[in-house]
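Heads up, the thing below is written out as structure tokens.
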Amino acid sequence: MNTSDRFDGSDGPDDRDLDEGGLDLTPRTGVGPSLRRRGSRRWVAVGVLAALAVVVVFIVVQARGASLYYRNADEAVAQREELGRDRFRLQGVVVGEPVDDGNAKVFSVAYRGVAVKVRHTGKEPALFKPGLPVVAEGSWNAAGTEFDSDRLLVKHTEDYKKDDSGDYEEQHPDRVPEAS
């Protein structure tokens, strides 16, 4: 059977172009477009995974501070052995006048009659003064005799009292006057 006989619609493939050398079957050595696309997709996936890793690390770091537990001064003294050098927040009322020893602010906080000596090396809040409740963040020192703090929070009341003496406007002229 001749190849020209098959062209008339009979069964079998049309392989006329093979006889004439029209089909090139030599392997390609260059990188095809599909390989380039796969490589760029791989870099996109790596970028997305890297961004996800950064987000997870950020959340873990932020949550670490949220997992610190408050201990009242009496609880912290009672649990001193268990707490060891672990970081926690110590709560109490500032007793006596704080002393500046050059490197740190030293003061005592008390709760339910139990006092703890605190050595604070961080920034001191503007409202910090004797008689106010504070929360000191840190840990017991190596000897377990003092609480080493690097963060101090002042707890204040939400009671705002109006000055009925009439001197308020004279003492605070920069404040916004009441609406008429």
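The values are calculated or read from the model by the stated rules, or taken from the named source; none is laboratory data. Only a predicted model underlies this, so the values are computations on that prediction, with no experimental measurement involved. Glycine gets a Cβ as well: all are built from the backbone with ideal geometry, and neighbour counts include every protein chain shown.
Just a few scattered comments:
- Any chance residue 131 is small (Gly, Ala, Ser), touching a residue at least 12 places away in the same chain (Cβ under 8 Å) and on the phi > 0 side of the Ramachandran plot: yes
- Exactly one residue among 107, 128, 88 is at pLDDT below 90 and crowded, with 17+ Cβ neighbours inside 10 Å, and that residue is 128.
- Pairs are defined by a Cβ separation below 7 Å, a sequence spacing of at least 6 or placement on different chains, a first member in region 80-96 that is in contact (Cβ under 8 Å) with a residue 24 or more places away in the chain and under 11 Å from residue 135 (Cβ atoms), and a second member that is of a type in the set (Ser, Thr, Tyr) and surrounded by fewer than 16 Cβ atoms within 10 Å (Cβ to Cβ); the pairs so defined are 88/69; 89/69; 89/70; 91/70.
- Residue 111 falls short of the stated requirement of being among the hydroxyl-bearing types (Ser, Thr, Tyr), within 16 Å of residue 136 (Cα to Cα) and in contact (Cβ under 8 Å) with a residue 60 or more places away in the chain.
- Only a single item in (1) in contact with a helix residue (DSSP H, G or I) (Cβ under 9 Å, 6 or more places away or on another chain); (2) touching a residue at least 40 places away in the same chain (Cβ under 8 Å) is not met by residue 71, and it is number (2).
- Hits in region 60-84 - residues which are surrounded by 10 or more Cβ atoms within 10 Å (Cβ to Cβ) and part of a helix (DSSP H, G or I): 64, 65, 73, 74, 75, 76, 77, 78, 80, 83
- Residue selected from region 37-65 under the condition closer than 30 Å to residue 138 by Cβ and modelled with pLDDT under 90, by the criterion nearest to the chain's Cα centre (by Cα): 62
- Options 110, 143, 126: the member that is within 20 Å of residue 71 (Cβ to Cβ), out of contact with any Leu (no Cβ under 9 Å at 6 or more places or on another chain) and not in a strand (DSSP E or B): 143
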